[in-house]
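Undergrad: Dumping the structure here so I can ask a few things about it.
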Amino acid sequence: MFRQTAPLLLLAALVLAPTPVLAQETRTEVLPAWDQLSPAQRELLIAPVRDRWNREPEKRERFMAYAERWKSMPQPQRERARHGMQRWEGMTPEQREQARALFHAVRGLDKDARHDFMEKWRQMTPQQRSDWVKTHPAPERRGHD
């Protein structure tokens with residue numbers, strides 16, 4: 001499921017994340033509504049999505065599906081998604097691979113089994129975690145970014 005939602009989260013982060021200029025100008029203010037943004041501010045927000053849309057026409061249908069799912073998410077779920085995307089962007093490639101392996105390992109488990117697994121994971125040393133990921137790699141990625 002994460003592989004299915006990761007591109008959606010990236011797309012949403014690109015579209016919805018404030019630009020550095022906006023963030024600096026409005027640190028104590030509420031960010032303006034879309035209609036209150038200048039054309040230049042709107043362009044800064046849209047450009048990354050437009051570039052990817054034009055660069056990857058074979059993925060347009062998937063992009064639209066992600067946008068529809070994002071639109072239907074309740075606000076708290078959007079906030080969690082934004083937070084997760086920010087964490088993902090801050091990870092090293094090794095940390096991302098570890099996260100993929102963990103996700104793959106726990107995704108089919110029930111709540112109690114997932115909790116037990118994560119408790120064991122937290123008790124592992126970094127070397128034990130690395131060894132575990134090597135012996136339990138995530139499946140090959142299928143054309144996702």
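Undergrad: Looking at region 86-128, which of its residues are of a type in the set (S, T, Y) and closer than 24 Å to E140 by Cα?
TA: T92
Undergrad: Is there any pair with a first residue in region 39-55 that is at positive phi and a second that is in a helix (DSSP H, G or I) whose Cβ atoms are under 6 Å apart and which are 6 or more apart or on different chains, and what are they?
TA: No pair meets every condition.
Undergrad: Then there's this: Identify, by number, the condition in (1) under 21 Å from W34 (Cβ atoms); (2) at pLDDT 90 or above; (3) among the aliphatic types (A, V, I, L, M); (4) surrounded by 15 or more Cβ atoms within 10 Å (Cβ to Cβ) that A47 doesn't meet.
TA: Exception for A47: condition (4).
Undergrad: Quickly run through region 67-92 and pick out the residues that are among the aromatic types (F, W, Y) and farther than 18 Å from F103 by Cβ.
TA: W70
Undergrad: Inside region 81-100, can you point out the residues that are in a helix (DSSP H, G or I) and exposed (fewer than 12 other Cβ atoms within 10 Å of the Cβ)?
TA: H83, R87, P93, E94 - these are the residues of region 81-100 that are in a helix (DSSP H, G or I) and exposed (fewer than 12 other Cβ atoms within 10 Å of the Cβ).
Undergrad: Let me ask something else. Can you pull out the residues in region 70-98 that are more than 12 Å from the chain's Cα centre (by Cα) and within 29 Å of Q127 (Cα to Cα)?
TA: Result: T92, P93, E94, Q95, E97, Q98.
Undergrad: Still on this structure, please answer the following. Going by the conditions given, is F103 among the aromatic types (F, W, Y) and surrounded by 15 or more Cβ atoms within 10 Å (Cβ to Cβ)?
TA: Here the answer is no, as F103 does not meet what is asked.
Undergrad: Between residues in region 58-70 that are farther than 19 Å from I46 by Cβ and residues that are surrounded by 12 or more Cβ atoms within 10 Å (Cβ to Cβ), which pairs lie under 7 Å by C-beta distance while being six or more apart or on different chains?
TA: If the second residue must be surrounded by 12 or more Cβ atoms within 10 Å (Cβ to Cβ), the pairs left are R69/L8.
Undergrad: From the residues in region 99-117 that are within 21 Å of the chain's Cα centre (by Cα) and of a type outside the set (K, R), which one is nearest to G84 (Cα to Cα)?
TA: Looking at the filtered set, the residue picked out is A99.
The values are calculated or read from the model by the stated rules, or taken from the named source; none is laboratory data. Just so we're clear, the structure is a prediction, and the values are computed from it rather than from any experiment. Backbone-built Cβ (ideal geometry, glycine too); neighbour counts: all protein chains shown.
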